[in-house]
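Note sheet for the following structure.
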């Protein structure tokens, strides 16, 4: 009976590997496209905006998150390489990139508002100059915050794993409690990301309403509406992603049962958000159109070549 249950579990995890790989490949393609476009512009000496720098960093962090999640599914769940050190290392890498992703989304919301708003107070102009002209420093600060947040959690995980190394069930449940503490401790960047998105939306809405009430009818509000749509989408993404992980870890802490399928579904969200970034960014949208057009032309050319070969035969 136990062998049958173990066999069914192995088949389940083997079935989960396929969607995990699909999510990984889709994410790698989308994120690497964003990184490639911006890095190519920088390499060729073209101007790179602060938004480009943050979006590129977002792509890198999301690639790291998806790679760590796929490694967890493959090594821990499928191959059963669930030693405490392996679990801690993969969990730490995943948490680091997840934290960085949340801080970078917050930074993106702040930079977008700084670029769009037209306040003329000295404090606002000073902050805009610091944030926009020192975007690289802000990105480095976000990465350092992510690393610092993990130090205590990683040490606790290593200690718990060493104490309970002889008991698999106890170890995994303690690992669950450690992850539960991690998600509450690590919820700060996620909450800050959510708050920054909400504040940005409120400020944009208030600013747009004031401009509509003004007598200047030549003002183009499309930029503001596009920004509000992007912020709304980002806010929804942050809520689903945060509470999805809360649900997984809360369920695991109660029943010691991993909702691996749900975690894999959650990993499609960053790729979806990056796709929306491509759609909303003019440069990325233009480059994606060129890539798709070249692909369509290549397929048509190949089809025509095959047709001519069949006629000749």
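Of the residues making up the range 269-286, those that are under 13 Å from the mean Cα position of the chain (by Cα) and either in contact (Cβ under 8 Å) with a residue 60 or more places away in the chain or outside any helix (DSSP H, G or I) (or both) are 270, 271, 274, 275, 277.
In a residue-by-residue description of the range 257-268, the property of being surrounded by 16 or more Cβ atoms within 10 Å (Cβ to Cβ), in a helix (DSSP H, G or I) and at pLDDT 85 or above applies to no position. Can you tell me which residues in the range 71-88 are part of a helix (DSSP H, G or I) and at pLDDT below 80? Within the range 71-88, 72, 73, 74, 75, 76, 77, 78, 84, 85, 86, 87, 88 qualify. Scanning for something modelled with pLDDT of 85 or more, closer than 19 Å to residue 269 by Cβ and surrounded by fewer than 21 Cβ atoms within 10 Å (Cβ to Cβ), does the range 34-49 turn up at least one residue? Yes, the range 34-49 has at least one match.
The values are calculated or read from the model by the stated rules, or taken from the named source; none is laboratory data. Model, not experiment: these values are computed from the prediction. Methodologically, a virtual Cβ is constructed for each residue, glycine included, from the backbone with ideal geometry; neighbour enumeration extends over all protein chains shown.
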